[in-house]
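See structure below.
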Amino acid sequence: MVNNSCTESPVAGGQVLSASFQGAAADAVTVGFGEGAQVTGSLADEAGDPISGATICVQSQAAGAEGPPTPVATATTGANGEFTYAVSPGPNRRLLVGYRHDSFQVAKTLSVNSHTRPSLRLSAGRIDAGKSVGISGELPGPEAAGRVLVLQASALHGRRWLTFRRVTTGPNGGFRATYHFARARHTITYRLRAAVPRQAGYDYEPGVSKPARVKVRGVKKHRRHKHDPRRRGGPHAES
């Protein structure tokens, strides 16, 4: 049930409320980082006739948060009793979509989840084999401090990502690390990325950064020539 924080509708008669995510027709949806969602629904009386001009309240609460949800928006039903609400991008949330008139209240609970996407930067795009590259980035969200990220590497056209380091974010959600490339004779381009596993207290779904590329230039070995005294001005045979 909604509570008194839900804006009261000036139009009476609403009894049956429906609400779901557009395109999914479900009570829960998962979207990519930075993407929103669209809620559609309708309000009708007991006979199934649409209620137009009614106020629908929308309340939001972060996933895992305690206490009542917070009012964030209202929508108004059209001539056919239908309404829409655009959910802005953000972390995982629980939405309470409700209708209230006098003492009567009815509501529908929806859940919207969003994948995270940390940023990732490299200190150089090209380095010599046997050298190290610096890695830095940030994790989004208000609860980004003290979170674990997994750093992974892959060949340019490879499908397999290998984990080489685990890092923990600082007070502002930033992280830093280095990766040392072994000496090699051939030049190879690698992709590096940061992956965020699911973890308690961080209200985002698992996600990965956009891969960053680094070209590691091979170091060629110099050929050693056999010693020839004449090449270095050594003694010559007497005639």
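What's the number of the condition Pro171 fails, among (1) part of a strand (DSSP E or B); (2) loosely packed, with under 13 Cβ neighbours inside 10 Å?
(1)
Only one of these is crowded, with 17+ Cβ neighbours inside 10 Å, over 16 Å from Val16 (Cα atoms) and at pLDDT below 95: Pro91, Pro68. Name it. Break it down stepwise before answering.
Numbers: Pro68 fails: crowded, with 17+ Cβ neighbours inside 10 Å.
Result of the check over Pro91, Pro68: Pro91.
When you check Gly141 against the structure, is it out of contact with any strand residue (DSSP E or B) (no Cβ under 8 Å at 6 or more places or on another chain) and farther than 30 Å from Leu43 by Cα, yes or no? Steps first, please.
Details: out of contact with any strand residue (DSSP E or B) (no Cβ under 8 Å at 6 or more places or on another chain): yes; farther than 30 Å from Leu43 by Cα: yes.
Answer is yes for this residue.
A quick yes/no check of all residues on (1) touching a Gly at 6+ places or on another chain (Cβ under 8 Å); (2) at negative phi; (3) of a type in the set (Lys, Arg):
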residue	(1), (2), (3)
Gly14	no, yes, no
Ser18	yes, yes, no
Ala26	no, yes, no
Ser42	yes, yes, no
Pro50	yes, yes, no
Gln59	yes, yes, no
Gly64	yes, no, no
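Could you list all residues from segment 174-201 that are surrounded by 14 or more Cβ atoms within 10 Å (Cβ to Cβ) and either within 16 Å of Ser119 (Cβ to Cβ) or outside the structural domain of Val133 (by TED's automatic domain parsing) (or both)?
Within segment 174-201, Gly174, Phe175, Ala177, Arg191, Leu192, Arg193, Ala194, Ala195, Val196 qualify.
Can you confirm whether segment 33-45 contains a residue that is modelled with pLDDT of 95 or more, of a type in the set (Gly, Ala, Ser) and over 30 Å from Pro206 (Cβ atoms)?
Scanning segment 33-45 turns up at least one residue that is modelled with pLDDT of 95 or more, of a type in the set (Gly, Ala, Ser) and over 30 Å from Pro206 (Cβ atoms).
So which residues in segment 1-41 are over 30 Å from the mean Cα position of the chain (by Cα) and among the charged types (D, E, K, R)?
Glu8
Sort out which residues of segment 40-65 are part of a loop (DSSP other than H, G, I, E, B) and either surrounded by fewer than 19 Cβ atoms within 10 Å (Cβ to Cβ) or of a type in the set (Val, Ile, Thr) (or both), and write them in order of number.
Start the filter on segment 40-65 by keeping residues that are part of a loop (DSSP other than H, G, I, E, B), which leaves 45-49, 51-54, 63-65.
Residues satisfying the conditions are Asp45, Glu46, Ala47, Gly48, Asp49, Ile51, Ser52, Gly53, Ala63, Gly64, Ala65.
Condition check ((1) outside any strand (DSSP E or B); (2) more than 15 Å from Pro206 (Cβ to Cβ)) across all residues:
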position	(1), (2)
Pro140	yes, no
Ala144	yes, no
Val150	no, no
Ser154	no, yes
His157	yes, yes
Val167	no, yes
Phe175	no, yes
Thr178	no, yes
Arg183	yes, yes
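Looking at this structure, is Arg165 among the basic types (Lys, Arg) and modelled with pLDDT of 95 or more? First the steps, then the outcome.
Details: among the basic types (Lys, Arg): yes; modelled with pLDDT of 95 or more: yes.
It is true that Arg165 is among the basic types (Lys, Arg) and modelled with pLDDT of 95 or more.
The values are calculated or read from the model by the stated rules, or taken from the named source; none is laboratory data. What you see is a predicted model; the values in this text were computed from it and never measured. Neighbour counts run over all protein chains shown; Cβ positions are idealised from the backbone, glycine included.
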